[in-house]
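Data block below; observations after.
The values are calculated or read from the model by the stated rules, or taken from the named source; none is laboratory data. Predicted model only: the values in this text are computed from it and were never measured. A quick note on method: Cβ atoms are made from the backbone with ideal geometry, for glycine too, and the neighbour counts reach across all protein chains shown. Keep in mind that these areas ignore ligands, DNA and RNA; they rest on the heavy atoms of the full protein, side chains included. Shrake-Rupley method; radii C 1.70, N 1.55, O 1.52, S 1.80 Å.
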Amino acid sequence: MGNLKTKDLTKIGFANNQLISLALGIASKHFKRHTNKQIIEVFTGIKNNPEQYLDDEVTGKIAAKVIGKIAEPAFKTFDLRASPAPYKIYGGKDIEAIAKKQMDLAMLLPVSVQGALMPDAHMGFGLPIGGVLATDNALIPYAVGMDIGCRMALTIIDETDAFIKRYDYQLRQALKNHTHFGMEGGLDTRQEHEVLDSPVFGQIPFLKQLRGKAVRQLGTSGSGNHFVEFGEIELAENNRLGLPGKRYAALLSHSGSRGLGAAIAKYYTQVAMNTCKLPRHAQQLAWLDLNGEAGQEYWLTMSLAGDYAKACHERIHANLLKAVGIKPVMVIENHHNFAWKDTLADGREVIVHRKGATPAHAGELGIIPGSITTPAYVVKGRGADNALFSASHGAGRAMSRQKAKDGMTVSAMKKMLANADVELIGGSVEENPLAYKDIETVMQAQKELVDIQGKFIPRIARMNKD
(Lines give C-alpha, C1' and ligand atoms only; values in the text may rest on other atoms or scores of the structure.)
Protein backbone atom coordinates (compact mmCIF):
# COMPACT_ATOMS: atom_id res chain seq x y z
CA MET A 1 0.00 0.00 0.00
CA GLY A 2 1.24 3.48 -0.82
CA ASN A 3 0.85 6.45 1.48
CA LEU A 4 -2.93 6.95 1.25
CA LYS A 5 -4.01 10.23 2.83
CA THR A 6 -7.27 11.83 3.95
CA LYS A 7 -7.13 14.33 1.07
CA ASP A 8 -7.02 11.45 -1.48
CA LEU A 9 -10.38 10.29 -0.14
CA THR A 10 -11.97 13.74 0.12
CA LYS A 11 -11.16 14.26 -3.59
CA ILE A 12 -13.40 11.31 -4.51
CA GLY A 13 -16.21 12.52 -2.27
CA PHE A 14 -15.57 10.84 1.09
CA ALA A 15 -16.58 13.88 3.15
CA ASN A 16 -17.41 12.27 6.50
CA ASN A 17 -14.56 11.82 9.04
CA GLN A 18 -15.91 8.47 10.23
CA LEU A 19 -16.12 7.19 6.64
CA ILE A 20 -12.56 8.37 5.94
CA SER A 21 -11.22 6.71 9.12
CA LEU A 22 -13.03 3.48 8.26
CA ALA A 23 -11.69 3.51 4.67
CA LEU A 24 -8.10 4.25 5.78
CA GLY A 25 -8.27 1.46 8.38
CA ILE A 26 -9.56 -1.07 5.84
CA ALA A 27 -6.99 0.04 3.22
CA SER A 28 -4.08 -0.42 5.66
CA LYS A 29 -5.29 -3.87 6.70
CA HIS A 30 -6.66 -5.39 3.47
CA PHE A 31 -5.02 -3.47 0.60
CA LYS A 32 -1.34 -3.68 1.60
CA ARG A 33 -0.27 -4.97 -1.83
CA HIS A 34 -2.23 -2.38 -3.81
CA THR A 35 -0.99 0.97 -5.10
CA ASN A 36 -2.74 4.20 -4.12
CA LYS A 37 -4.17 4.40 -7.65
CA GLN A 38 -5.69 0.91 -7.40
CA ILE A 39 -7.21 1.63 -3.96
CA ILE A 40 -8.68 4.92 -5.16
CA GLU A 41 -10.26 3.12 -8.14
CA VAL A 42 -11.91 0.57 -5.82
CA PHE A 43 -13.09 3.27 -3.38
CA THR A 44 -14.45 5.42 -6.24
CA GLY A 45 -16.46 2.40 -7.39
CA ILE A 46 -17.86 1.96 -3.87
CA LYS A 47 -18.73 5.67 -3.69
CA ASN A 48 -20.59 5.60 -7.03
CA ASN A 49 -22.30 2.19 -6.73
CA PRO A 50 -22.29 1.17 -3.06
CA GLU A 51 -25.07 -1.44 -3.47
CA GLN A 52 -22.81 -3.62 -5.62
CA TYR A 53 -20.29 -3.93 -2.78
CA LEU A 54 -22.60 -4.56 0.18
CA ASP A 55 -22.13 -8.34 0.19
CA ASP A 56 -18.33 -8.16 0.11
CA GLU A 57 -16.81 -8.99 3.52
CA VAL A 58 -14.19 -6.21 3.31
CA THR A 59 -15.57 -3.41 1.15
CA GLY A 60 -19.15 -3.99 2.32
CA LYS A 61 -18.44 -2.03 5.52
CA ILE A 62 -17.49 1.06 3.51
CA ALA A 63 -20.45 0.60 1.16
CA ALA A 64 -22.84 0.32 4.11
CA LYS A 65 -21.44 3.52 5.56
CA VAL A 66 -21.79 5.33 2.20
CA ILE A 67 -25.52 4.52 1.98
CA GLY A 68 -26.10 5.03 5.69
CA LYS A 69 -26.94 1.42 6.43
CA ILE A 70 -25.52 -0.24 9.52
CA ALA A 71 -24.13 -3.52 8.26
CA GLU A 72 -23.34 -4.87 11.71
CA PRO A 73 -25.58 -7.38 13.51
CA ALA A 74 -27.37 -6.26 16.67
CA PHE A 75 -24.89 -8.19 18.82
CA LYS A 76 -22.32 -10.98 18.73
CA THR A 77 -21.59 -13.49 21.48
CA PHE A 78 -18.02 -14.46 22.37
CA ASP A 79 -16.46 -17.10 24.61
CA LEU A 80 -13.31 -16.56 26.64
CA ARG A 81 -10.09 -18.33 25.64
CA ALA A 82 -9.12 -21.63 27.23
CA SER A 83 -5.66 -20.27 28.14
CA PRO A 84 -4.62 -16.64 28.74
CA ALA A 85 -2.48 -14.45 26.49
CA PRO A 86 0.89 -13.65 28.15
CA TYR A 87 1.41 -10.71 30.48
CA LYS A 88 4.22 -9.51 32.73
CA ILE A 89 3.83 -8.07 36.23
CA TYR A 90 6.21 -5.40 37.61
CA GLY A 91 6.45 -4.88 41.39
CA GLY A 92 4.03 -7.76 41.98
CA LYS A 93 4.50 -8.12 45.73
CA ASP A 94 2.96 -4.66 46.29
CA ILE A 95 -0.03 -5.17 43.96
CA GLU A 96 -3.35 -6.25 45.47
CA ALA A 97 -4.67 -9.67 44.46
CA ILE A 98 -7.89 -8.31 42.95
CA ALA A 99 -5.95 -6.17 40.42
CA LYS A 100 -4.03 -9.28 39.30
CA LYS A 101 -7.31 -11.19 39.07
CA GLN A 102 -8.78 -8.47 36.84
CA MET A 103 -5.71 -8.63 34.61
CA ASP A 104 -5.93 -12.45 34.47
CA LEU A 105 -9.50 -12.12 33.19
CA ALA A 106 -8.57 -9.51 30.56
CA MET A 107 -5.94 -11.88 29.15
CA LEU A 108 -8.69 -14.46 28.45
CA LEU A 109 -10.46 -12.20 25.93
CA PRO A 110 -10.29 -13.65 22.42
CA VAL A 111 -8.95 -10.28 21.17
CA SER A 112 -6.14 -10.01 23.77
CA VAL A 113 -2.61 -10.38 22.39
CA GLN A 114 -0.30 -9.32 25.24
CA GLY A 115 -0.48 -7.45 28.54
CA ALA A 116 1.51 -5.88 31.36
CA LEU A 117 0.71 -4.77 34.91
CA MET A 118 2.54 -1.72 36.24
CA PRO A 119 3.88 -1.46 39.83
CA ASP A 120 1.28 1.19 40.82
CA ALA A 121 -1.60 -1.12 39.84
CA HIS A 122 -4.83 -1.39 41.83
CA MET A 123 -8.44 -2.36 41.20
CA GLY A 124 -10.44 -0.52 38.53
CA PHE A 125 -13.61 -1.08 36.47
CA GLY A 126 -12.92 -3.61 33.71
CA LEU A 127 -9.14 -3.39 33.35
CA PRO A 128 -7.28 -2.57 36.59
CA ILE A 129 -5.67 0.86 36.98
CA GLY A 130 -2.06 0.29 35.89
CA GLY A 131 -3.15 -2.33 33.35
CA VAL A 132 -1.74 -2.27 29.81
CA LEU A 133 -3.46 -4.40 27.18
CA ALA A 134 -2.66 -4.99 23.50
CA THR A 135 -5.60 -6.21 21.42
CA ASP A 136 -6.15 -7.28 17.85
CA ASN A 137 -8.14 -4.46 16.21
CA ALA A 138 -10.44 -4.11 19.23
CA LEU A 139 -11.17 -1.06 21.40
CA ILE A 140 -12.29 -1.69 24.98
CA PRO A 141 -13.80 1.49 26.49
CA TYR A 142 -13.26 0.21 30.07
CA ALA A 143 -9.60 -0.53 29.24
CA VAL A 144 -9.18 3.17 28.40
CA GLY A 145 -11.13 4.37 31.43
CA MET A 146 -13.75 6.95 32.32
CA ASP A 147 -11.40 9.94 32.30
CA ILE A 148 -10.24 9.59 28.70
CA GLY A 149 -6.90 11.23 27.96
CA CYS A 150 -6.17 12.01 31.61
CA ARG A 151 -2.65 13.38 31.49
CA MET A 152 0.32 15.05 33.12
CA ALA A 153 1.88 18.34 32.01
CA LEU A 154 5.05 19.94 33.39
CA THR A 155 6.26 23.42 32.48
CA ILE A 156 9.87 24.13 33.40
CA ILE A 157 10.16 27.84 34.22
CA ASP A 158 13.06 30.18 33.52
CA GLU A 159 13.65 30.85 37.23
CA THR A 160 15.69 29.21 39.97
CA ASP A 161 14.04 27.16 42.71
CA ALA A 162 14.38 30.19 45.05
CA PHE A 163 11.65 31.90 43.02
CA ILE A 164 8.96 29.70 44.62
CA LYS A 165 9.74 30.94 48.15
CA ARG A 166 10.21 34.54 47.10
CA TYR A 167 6.88 34.77 45.26
CA ASP A 168 4.91 32.45 47.53
CA TYR A 169 1.98 34.90 47.92
CA GLN A 170 1.65 35.65 44.18
CA LEU A 171 1.74 31.95 43.28
CA ARG A 172 -0.94 31.12 45.86
CA GLN A 173 -3.18 33.92 44.55
CA ALA A 174 -2.68 32.77 40.96
CA LEU A 175 -3.72 29.20 41.90
CA LYS A 176 -6.80 30.52 43.75
CA ASN A 177 -7.89 32.92 40.99
CA HIS A 178 -6.92 31.15 37.78
CA THR A 179 -7.74 27.49 38.37
CA HIS A 180 -11.08 25.80 38.96
CA PHE A 181 -11.71 22.33 40.41
CA GLY A 182 -14.75 20.08 40.73
CA MET A 183 -17.61 18.64 38.73
CA GLU A 184 -19.45 21.86 37.98
CA GLY A 185 -18.68 25.47 37.07
CA GLY A 186 -15.76 26.97 35.20
CA LEU A 187 -13.35 29.88 35.09
CA ASP A 188 -14.61 33.47 35.21
CA THR A 189 -12.88 34.33 31.91
CA ARG A 190 -14.10 32.52 28.81
CA GLN A 191 -11.37 30.23 27.48
CA GLU A 192 -10.54 29.93 23.79
CA HIS A 193 -8.88 26.98 22.06
CA GLU A 194 -9.01 25.52 18.55
CA VAL A 195 -10.16 22.14 19.96
CA LEU A 196 -13.64 23.68 20.41
CA ASP A 197 -13.84 24.08 16.61
CA SER A 198 -13.32 20.36 15.96
CA PRO A 199 -15.73 19.11 13.25
CA VAL A 200 -16.25 15.92 15.32
CA PHE A 201 -18.61 17.87 17.61
CA GLY A 202 -20.95 18.30 14.66
CA GLN A 203 -20.53 14.86 13.07
CA ILE A 204 -21.58 12.64 15.94
CA PRO A 205 -25.11 13.46 17.16
CA PHE A 206 -24.71 12.84 20.91
CA LEU A 207 -21.59 15.08 21.00
CA LYS A 208 -23.49 18.17 19.85
CA GLN A 209 -25.16 18.56 23.24
CA LEU A 210 -21.80 18.22 25.04
CA ARG A 211 -20.03 21.09 23.31
CA GLY A 212 -21.54 23.73 25.62
CA LYS A 213 -20.19 21.93 28.68
CA ALA A 214 -16.80 21.53 26.98
CA VAL A 215 -16.69 25.30 26.42
CA ARG A 216 -17.54 25.97 30.09
CA GLN A 217 -15.07 23.45 31.50
CA LEU A 218 -12.08 24.29 29.30
CA GLY A 219 -9.01 25.06 31.42
CA THR A 220 -10.44 23.48 34.59
CA SER A 221 -9.60 20.36 36.60
CA GLY A 222 -11.65 17.54 38.08
CA SER A 223 -11.86 16.25 41.63
CA GLY A 224 -10.12 13.32 43.37
CA ASN A 225 -6.39 13.15 42.65
CA HIS A 226 -6.32 15.97 40.08
CA PHE A 227 -3.99 18.82 41.02
CA VAL A 228 -2.07 21.90 39.87
CA GLU A 229 1.11 22.73 41.75
CA PHE A 230 4.20 24.92 41.72
CA GLY A 231 7.43 23.34 42.86
CA GLU A 232 11.11 22.92 42.10
CA ILE A 233 12.73 20.44 39.78
CA GLU A 234 16.30 19.18 39.72
CA LEU A 235 17.35 17.92 36.31
CA ALA A 236 20.06 15.27 35.96
CA GLU A 237 23.26 16.00 34.03
CA ASN A 238 23.08 15.05 30.32
CA ASN A 239 19.28 14.73 30.54
CA ARG A 240 17.05 13.84 27.57
CA LEU A 241 15.50 17.34 27.73
CA GLY A 242 18.78 18.91 26.59
CA LEU A 243 18.68 21.47 29.44
CA PRO A 244 21.54 22.18 31.88
CA GLY A 245 21.45 19.81 34.87
CA LYS A 246 20.43 22.18 37.67
CA ARG A 247 17.41 23.29 39.75
CA TYR A 248 14.50 25.17 38.16
CA ALA A 249 11.07 26.37 39.23
CA ALA A 250 8.27 24.35 37.60
CA LEU A 251 4.50 24.01 37.26
CA LEU A 252 2.92 20.53 37.26
CA SER A 253 -0.69 19.57 36.53
CA HIS A 254 -2.73 16.36 36.46
CA SER A 255 -6.26 16.23 35.04
CA GLY A 256 -8.26 14.86 32.14
CA SER A 257 -11.08 15.44 29.69
CA ARG A 258 -13.72 16.48 32.22
CA GLY A 259 -17.43 15.93 31.49
CA LEU A 260 -16.77 15.43 27.78
CA GLY A 261 -14.55 12.37 28.29
CA ALA A 262 -16.82 10.88 30.95
CA ALA A 263 -19.88 11.14 28.67
CA ILE A 264 -18.00 9.55 25.74
CA ALA A 265 -16.76 6.70 27.97
CA LYS A 266 -20.23 6.05 29.36
CA TYR A 267 -21.93 6.10 25.96
CA TYR A 268 -19.52 3.78 24.14
CA THR A 269 -19.17 1.39 27.08
CA GLN A 270 -22.92 0.87 26.80
CA VAL A 271 -22.70 0.42 23.02
CA ALA A 272 -19.89 -2.15 23.52
CA MET A 273 -21.83 -4.05 26.18
CA ASN A 274 -24.95 -4.13 23.98
CA THR A 275 -23.15 -5.39 20.87
CA CYS A 276 -20.39 -7.60 22.30
CA LYS A 277 -21.83 -10.23 24.64
CA LEU A 278 -19.33 -11.91 26.98
CA PRO A 279 -19.78 -14.17 30.02
CA ARG A 280 -21.32 -12.07 32.82
CA HIS A 281 -18.13 -11.73 34.92
CA ALA A 282 -16.22 -10.38 31.88
CA GLN A 283 -18.95 -8.12 30.43
CA GLN A 284 -17.19 -4.91 31.51
CA LEU A 285 -14.42 -5.82 29.05
CA ALA A 286 -16.78 -5.68 26.05
CA TRP A 287 -15.07 -4.25 22.97
CA LEU A 288 -15.81 -2.41 19.73
CA ASP A 289 -14.34 -3.61 16.42
CA LEU A 290 -12.11 -0.80 15.15
CA ASN A 291 -13.33 -1.44 11.59
CA GLY A 292 -16.97 -1.18 12.61
CA GLU A 293 -18.98 2.03 12.72
CA ALA A 294 -19.13 2.23 16.52
CA GLY A 295 -15.40 1.47 16.76
CA GLN A 296 -14.57 4.24 14.29
CA GLU A 297 -16.83 6.64 16.19
CA TYR A 298 -15.24 5.74 19.51
CA TRP A 299 -11.74 6.23 18.03
CA LEU A 300 -12.73 9.70 16.79
CA THR A 301 -14.41 10.74 20.04
CA MET A 302 -11.62 9.28 22.22
CA SER A 303 -9.09 11.26 20.16
CA LEU A 304 -11.21 14.40 20.60
CA ALA A 305 -11.34 13.84 24.39
CA GLY A 306 -7.54 13.42 24.40
CA ASP A 307 -7.10 16.67 22.45
CA TYR A 308 -9.52 18.38 24.84
CA ALA A 309 -7.56 17.18 27.91
CA LYS A 310 -4.37 18.54 26.35
CA ALA A 311 -6.13 21.85 25.63
CA CYS A 312 -7.22 22.07 29.30
CA HIS A 313 -3.61 21.74 30.47
CA GLU A 314 -2.46 24.30 27.89
CA ARG A 315 -5.00 26.82 29.20
CA ILE A 316 -4.18 26.07 32.88
CA HIS A 317 -0.46 26.63 32.29
CA ALA A 318 -0.93 29.70 30.06
CA ASN A 319 -3.30 31.35 32.56
CA LEU A 320 -1.01 30.78 35.55
CA LEU A 321 2.22 31.82 33.81
CA LYS A 322 0.54 34.98 32.52
CA ALA A 323 -0.89 35.82 35.96
CA VAL A 324 2.55 35.60 37.56
CA GLY A 325 4.42 37.06 34.57
CA ILE A 326 6.85 34.17 34.04
CA LYS A 327 8.12 32.45 30.91
CA PRO A 328 8.26 28.73 30.09
CA VAL A 329 11.52 27.04 29.07
CA MET A 330 10.02 23.70 28.09
CA VAL A 331 6.84 21.63 28.42
CA ILE A 332 6.76 17.85 28.93
CA GLU A 333 3.43 16.01 28.85
CA ASN A 334 1.83 12.61 28.42
CA HIS A 335 -1.58 10.90 28.37
CA HIS A 336 -2.27 7.91 30.60
CA ASN A 337 -5.87 6.81 29.89
CA PHE A 338 -5.90 6.19 26.18
CA ALA A 339 -5.51 3.67 23.34
CA TRP A 340 -2.87 3.87 20.65
CA LYS A 341 -2.11 1.96 17.45
CA ASP A 342 1.31 0.38 17.94
CA THR A 343 3.59 -2.37 16.60
CA LEU A 344 4.88 -5.17 18.82
CA ALA A 345 8.46 -6.42 18.79
CA ASP A 346 7.39 -9.29 16.49
CA GLY A 347 5.88 -6.86 13.96
CA ARG A 348 2.21 -7.41 14.83
CA GLU A 349 0.00 -4.32 14.65
CA VAL A 350 -2.14 -3.92 17.77
CA ILE A 351 -4.19 -1.45 19.78
CA VAL A 352 -2.41 -0.72 23.09
CA HIS A 353 -4.71 0.39 25.92
CA ARG A 354 -2.95 2.12 28.82
CA LYS A 355 -5.34 2.56 31.73
CA GLY A 356 -3.32 4.51 34.26
CA ALA A 357 0.01 3.80 32.56
CA THR A 358 2.58 6.09 30.94
CA PRO A 359 3.84 5.55 27.38
CA ALA A 360 7.57 4.69 27.62
CA HIS A 361 8.93 3.92 24.15
CA ALA A 362 12.71 4.23 23.85
CA GLY A 363 13.64 7.89 24.45
CA GLU A 364 10.03 8.98 25.13
CA LEU A 365 9.61 11.50 27.95
CA GLY A 366 6.93 11.14 30.60
CA ILE A 367 5.99 12.25 34.13
CA ILE A 368 5.28 9.93 37.07
CA PRO A 369 3.91 11.74 40.15
CA GLY A 370 4.02 10.50 43.75
CA SER A 371 1.67 12.05 46.31
CA ILE A 372 1.06 15.58 47.54
CA THR A 373 4.20 15.44 49.73
CA THR A 374 6.48 13.21 47.63
CA PRO A 375 8.42 13.73 44.39
CA ALA A 376 7.22 13.42 40.81
CA TYR A 377 9.77 12.04 38.36
CA VAL A 378 10.49 13.08 34.79
CA VAL A 379 11.48 9.86 33.01
CA LYS A 380 12.83 8.67 29.68
CA GLY A 381 11.36 5.43 28.36
CA ARG A 382 13.58 2.41 27.70
CA GLY A 383 11.19 0.80 25.21
CA ALA A 384 10.72 -2.47 27.12
CA ASP A 385 8.58 -4.71 24.90
CA ASN A 386 7.54 -6.97 27.84
CA ALA A 387 5.91 -3.88 29.36
CA LEU A 388 4.32 -2.90 26.02
CA PHE A 389 6.54 0.21 26.05
CA SER A 390 4.87 1.48 29.24
CA ALA A 391 5.55 2.53 32.84
CA SER A 392 3.44 3.41 35.88
CA HIS A 393 1.32 6.59 35.86
CA GLY A 394 2.06 7.47 39.49
CA ALA A 395 2.59 5.91 42.89
CA GLY A 396 -0.84 4.25 42.79
CA ARG A 397 -3.36 4.06 45.62
CA ALA A 398 -2.49 1.94 48.65
CA MET A 399 -5.97 2.32 50.14
CA SER A 400 -9.47 3.15 48.95
CA ARG A 401 -10.84 6.68 49.30
CA GLN A 402 -13.15 5.55 52.09
CA LYS A 403 -10.31 3.89 54.00
CA ALA A 404 -8.13 6.98 53.55
CA LYS A 405 -10.98 9.14 54.87
CA ASP A 406 -11.56 6.91 57.88
CA GLY A 407 -7.87 6.67 58.80
CA MET A 408 -6.78 10.31 58.64
CA THR A 409 -7.82 13.51 60.41
CA VAL A 410 -7.56 16.99 58.91
CA SER A 411 -5.12 18.10 61.62
CA ALA A 412 -2.86 15.06 61.10
CA MET A 413 -2.79 15.75 57.36
CA LYS A 414 -1.93 19.42 57.97
CA LYS A 415 0.98 18.30 60.11
CA MET A 416 2.25 15.98 57.33
CA LEU A 417 2.04 18.82 54.82
CA ALA A 418 3.90 21.21 57.14
CA ASN A 419 6.66 18.64 57.74
CA ALA A 420 7.09 18.27 53.98
CA ASP A 421 7.07 22.08 53.49
CA VAL A 422 4.03 21.89 51.17
CA GLU A 423 1.15 24.39 51.13
CA LEU A 424 -2.19 22.92 50.01
CA ILE A 425 -5.17 24.95 48.81
CA GLY A 426 -8.30 22.77 48.99
CA GLY A 427 -7.72 19.03 48.98
CA SER A 428 -9.24 16.39 51.23
CA VAL A 429 -8.07 13.62 53.58
CA GLU A 430 -8.96 11.08 50.87
CA GLU A 431 -5.85 12.26 49.03
CA ASN A 432 -3.54 12.21 52.06
CA PRO A 433 0.01 10.94 51.37
CA LEU A 434 -0.56 7.64 53.24
CA ALA A 435 -3.35 6.74 50.78
CA TYR A 436 -0.63 6.17 48.17
CA LYS A 437 2.13 3.62 47.68
CA ASP A 438 5.71 4.71 48.25
CA ILE A 439 6.85 6.34 44.99
CA GLU A 440 10.48 5.26 45.58
CA THR A 441 9.43 1.58 45.78
CA VAL A 442 7.38 1.99 42.60
CA MET A 443 10.29 3.62 40.75
CA GLN A 444 12.63 0.85 41.93
CA ALA A 445 10.23 -1.78 40.53
CA GLN A 446 10.38 -0.25 37.04
CA LYS A 447 14.09 0.45 36.66
CA GLU A 448 14.13 -1.60 33.46
CA LEU A 449 11.25 0.45 32.02
CA VAL A 450 12.44 4.05 32.50
CA ASP A 451 15.49 6.18 33.34
CA ILE A 452 14.99 9.14 35.70
CA GLN A 453 15.80 12.53 34.12
CA GLY A 454 14.58 14.89 36.83
CA LYS A 455 12.97 15.04 40.27
CA PHE A 456 10.13 17.50 41.00
CA ILE A 457 9.31 18.50 44.60
CA PRO A 458 5.85 20.02 45.19
CA ARG A 459 5.67 23.28 47.20
CA ILE A 460 2.30 25.04 46.60
CA ALA A 461 -0.59 22.86 45.43
CA ARG A 462 -4.25 23.27 44.59
CA MET A 463 -6.79 20.42 44.63
CA ASN A 464 -10.56 20.05 44.78
CA LYS A 465 -12.10 20.46 48.22
CA ASP A 466 -14.96 17.97 48.53
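State the three equivalent ellipsoid semi-axes of the chain, derived from the C-alpha gyration tensor as the square roots of 5 times its eigenvalues, in descending order and whole Å.
40, 25, 21
How large is the accessible surface of Arg81 in square angstrom, using a 1.4 angstrom probe and rounding to the nearest 10?
90 Å²
What range in the chain is the longest one free of GluC sites (Glu not before Pro) that are in a loop by DSSP and have at most 16 other Cβ atoms within 10 angstrom?
The reported range is 238-447.
Using the crude model of +1 on Lys and Arg Cβ and -1 on Asp and Glu Cβ, and no other charge, please compute the dipole size for the chain relative to its Cα centre, in debye to 20.
Dipole about the Cα centre, nearest 20: 440 debye.
Round to a whole number: what % of the accessible area of the chain belongs to carbon and sulfur, probe 1.4 Å?
After summing per-atom areas, the C and S share lands at 50 percent.
Within straight cross-link reach of Lys310, meaning Cα distance under 19 Å, which aspartates and glutamates are found once same-chain residues fewer than 8 apart are removed?
Asp147, Glu192, Glu194, Asp197, Glu229, Glu333, Glu364
About its Cα centre, how strong a charge dipole does the stretch 47-104 have in debye, to the nearest 20, once Lys and Arg get +1 and Asp and Glu get -1 at the Cβ?
240 debye
At 1.4 Å probe size, with every protein chain present, just tell me what the per residue accessible area of the chain comes to in Å².
Spelled out: the 1.4 Å probe surface of the chain, per residue, equals 44 Å².
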